[in-house]
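Below is one structure; the comments refer to it alone.
No lab work stands behind these numbers, since they all come straight from the coordinates. Given the structure is predicted, the values throughout are model-derived calculations rather than measurements. Cβ: placed from backbone, ideal geometry, glycine included. Neighbour counts: every protein chain shown.
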Amino acid sequence: MIPAKKLLNTLTEHWGVLELLFKRFKMADFSLKDVQNAIKQKQPSWSNERIYKETNRLLNQDIIIPLAKSSQLEINRAIADFATFLLQEEHLGLAQEISVLVDDLARLGNRLAKAGEIEDYDELRRFSRIMDDRVRKIMKLFAHNENAILNIVEQAKADNAVQSLQKRYQAVIEAFDEYIEPMLEMVDIRGDFHACFNTIEAQISTQIEQIDRLGKSYQDKRMLEQLRTRILEMHLVGRESLRKSADMLMPLREELRRNNLITRQAAKVLGLVRKNGVDNMLSAVQPNFVSDAQRFSLGQQRHIVAYMAGLVDFEHDEYQLPEHDDVPAYQSPHIPDYNDVKTQFRKRFKKASKKAQPLLSFLDESYPDLEADEMLFLYQKLISDGDLEISQSQEKVKIKIAQQHFSLYPFNSSIADDKKATEQ
Amino acid sequence: MTDINLDDLTHLQAINKKLTSGYHISEQDTLMWQELDQHIDAYRALFNALGHDLQHDSRGFYYFGSDESTPNMGKISRAIALTIYILIEHYANTGKDPMRALFDEVNDLELMQTLVQINKHLFDQLEIFSGSDLRKDVYLRMVRLGLAREVENGFMLQAPIYRYIDALMEVNEETYLGDDE
């Protein structure tokens with residue numbers, strides 16, 4: 001028996017060499033010369049003698065063992081497993097591995113129940129321990145396989161395009177058909193896996209109740225509870241891990257399927273084209289492009305439709321033609337109310353009627369802010385008003401209002417009263 | 001009704017110019033692509049009103065859809081289609097993953113010569129007789145349509161090529177326009 005510590009020391013010292021051997025030869029055998037070369041590569045300064053000594057050390061400690069009936073060597077299986085774990089170079093296991101363990105778990109569950117019935121607590125403890133061990137093993141397998149699938153996916157993705165499709169995806173297809181699918185079937189809610197766990201869980205729960213009721217061997221209760229939790233967790237972890245693995249593989253599988261489809265279709269179409277001619281075969285399906293020639297013309301039906309649609313909408317939606325009678329007369333905001341003007345006019349010219357007053361100068365004085373046209377508007381309103389007494393002058397007069405000059409025959413405030421008075 | 005603020009559409013002129021000439025704007029045209037991506041509703045409404053049919057393909061490109069081509073453009077499109085299908089077959093025959101190689105490999109003059117040599121019978125129908133004919137008549141036009149981009153010593157195909165792959169999947173005996181039809 002080699003002391004563990006001594007072995008570990010050798011391993012740390014020669015880990016580089018072992019890793020090299022492991023990666024280069026994978027699981028295959030190699031010769032003594034290969035080992036010596038590997039050591040030489042890692043430690044170029046060492047003398048031949050030293051290398052020979054170190055090689056012997058690896059051999060003596062059973063890290064490297066000779067193959068049966070051969071001078072070839074291989075890495076000790078236990079060490080190789082350890083290395084795969086450390087380097088995450090895991091290879092996909094079989095779905096059967098897990099299903100065997102689950103079957104065993106079911107068997108142990110039955111034994112556990114029986115031991116509980118006859119109150120053999122030693123047996124109970126023993127089975128619970130073995131079951132615990134199995135559950136851990138299954139969990140380890142799940143993790144291991146998930147890593148392996150990750151490796152497969154990475155490889156399939158990283159490989160350069162030089163490799164053929166078939167080769168590139170071979171591992172993916174295998175992983176899917178040989179691991180994921182059977183596993184998914186097993187984990188399915190109506191599958192054996194589920195039923196088995198339900199039974200085991202029920203069995204353990206019964207035991208726990210029993211212990212609670214009888215009050216015997218209380219410390220076993222904790223162990224059973226732990227086992228139950230672990231089994232539930234395993235179920236969950238397994239489902240989770242499978243889902244993740246399937247998610248990783250699925251796109252690649254789809255890709256392969258699609259690529260195969262496209263390649264096949266391309267070959268078929270080219271065959272048809274060879275037989276029937278390019279234009280006959282491809283005219284109907286060719287993608288069309290908008291081209292420069294169409295750019296400046298209403299070349300396409302769609303353009304004309306858009307043009308017509310544009311015509312329909314030509315009038316702005318919100319614009320409504322007004323009805324004839326609900327148009328209020330336009331009034332400039334500055335113009336004062338006509339009635340006020342009229343009252344003021346009357347007030348002013350009631351008494352001062354000796355001399356004819358030009359209407360315009362009255363407006364100019366009273367409303368100095370108004371524009372000329374606004375003033376004229378009031379002027380024409382006043383002169384056409386029948387209520388007021390005004391008279392038109394006989395002479396053309398030039399008048400300046402609001403900085404504008406007008407020449408007109410102005411209307412003046414009436415002096416008719418006076419005239420009448422004098423005439424009479 | 002979408003409110004369109006023309007001030008927001010800073011690359012309208014460039015985009016309009018490209019799209020109306022049949023160009024496909026893909027992710028490689030960073031500026032225009034981002035602009036379209038951000039204001040897609042406004043652009044779609046605007047171009048729709050002008051009678052264009054702005055299409056967005058989720059594989060990463062924009063273009064104006066069209067139901068018909070001018071005879072000249074139709075001929076170009078068929079030449080491109082044939083080239084792509086031959087490329088797919090060529091990659092598959094040489095044991096490569098065709099969909100990956102299609103977008104990852106540089107198409108150089110040597111490849112073009114090989115393609116024309118192997119498929120002389122087919123390219124003859126399109127009056128393409130040599131690798132440089134193929135370059136001039138197909139690849140340079142693909143660049144102009146945004147289907148490919150020029151790189152150091154050849155061309156790289158871009159996402160809009162998927163339009164041809166979709167078309168490929170549509171071909172069957174029924175699409176044959178025989179003389180009797």
Projected label distance in nm at residue B:17 and residue A:31, using a 7 Å step from Cα toward the beta-carbon: 7.2
Those lysines that a straight Cα-Cα span of less than 25 Å connects to residue B:136, excepting residues fewer than 8 apart in one chain: B:17, B:18, B:75, B:120
Fully extended contour minus Cα-Cα distance, from residue A:361 to residue A:111, at 0.36 nm per residue: 77.3 nm
Amide H within-cut-off set for residue A:63, under 5 Å, with H built and near neighbours excluded: none
14 Å reach of a label modelled at residue A:120, 7 Å along Cα-to-Cβ, counting backbone N of the range A:198-226: none
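Mind sorting A:58, B:31 by how few other Cβ atoms lie within 10 Å of their own Cβ, fewest first?
On the way: A:58 23, B:31 12.
By the 10 Å Cβ count, ascending, the order reads B:31, A:58.
What FRET efficiency comes out for residue B:121 versus residue A:71 if R0 is 56 angstrom and r is the Cβ-Cβ distance? Round to the nearest 0.05. Before the final figure, lay out the partial values.
Working: r = 61 Å, r/R0 = 1.08.
Between residue B:121 and residue A:71 the formula returns 0.40.
Hey, can you rank B:102-113, A:205-216 by average C-beta count inside 10 Å, highest first?
B:102-113, A:205-216
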Hz values of 3J(HN,Hα) by residue in the range B:113-126 - Karplus curve (6.51, -1.76, 1.60), Gly and Pro given as x: 4, 4, 4, 5, 4, 5, 10, 3, 4, 6, 5, 4, 4, 9
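Can you give the FRET efficiency to the nearest 0.05 for residue B:56 and residue B:172, using r as the Cβ-Cβ distance and R₀ = 41 Å?
Details: r = 28 Å, r/R0 = 0.67.
Once rounded, the FRET efficiency stands at 0.90.
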Label-to-label distance, nm, for residues given as residue A:50 and residue A:369 (7 Å Cα→Cβ offset): 11.1
Cross-link reach list, aspartates and glutamates versus residue A:114, counting only Cα pairs under 12 Å and skipping chain neighbours closer than eight places: A:123
Hz values of 3J(HN,Hα) by residue in the range A:276-288 - Karplus curve (6.51, -1.76, 1.60), Gly and Pro given as x: 9, x, 4, 5, 5, 7, 9, 4, 5, 10, 4, x, 9
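If each DSSP helix of 4+ residues adds -39,500 (n - 2.57) and the sum is divided by the residues in the protein assembly as shown, what number results at 222 nm, nearest 500 deg cm²/dmol? All intermediate terms of the calculation are to be shown ahead of the outcome.
Working: 28 runs with 373 residues, N = 605.
Counting only the DSSP helices, I get -19500 deg cm²/dmol.
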Flagged links, alpha-carbon separation over 20 Å, of A:342/A:381; A:347/A:381; A:157/A:244: none
Semi-axis lengths (Å, descending) of the ellipsoid that matches the C-alpha gyration tensor of the protein assembly as shown: 93, 44, 26
Whole-Hz ³J(HN,Hα) from phi, Karplus 6.51 cos²θ - 1.76 cosθ + 1.60, for the range A:224-235, glycine and proline x: 5, 4, 4, 4, 4, 4, 5, 5, 4, 5, 4, 4
Reachable aspartates and glutamates, given that their alpha-carbon falls under 12 Å from the alpha-carbon of residue A:221 and they are not under 8 places away in the same chain: A:209, A:212
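Using a Förster distance of 56 Å, how high is the FRET efficiency between residue A:205 and residue A:82, based on the Cβ-Cβ distance and rounded to 0.05? Don't skip to the answer; put the middle values down first.
On the way: r = 38 Å, r/R0 = 0.68.
Efficiency for this residue pair is about 0.90.
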Inter-probe distance in nm under a simple model that places probes 7 Å from Cα toward Cβ, at residue A:219 and residue A:387: 12.1
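Pulled fully out, how much extra length does the chain show between residue A:236 and residue A:323, if you take 0.36 nm times their separation in residues and subtract their Cα-Cα distance?
So the extension gain works out to 23.6 nm.
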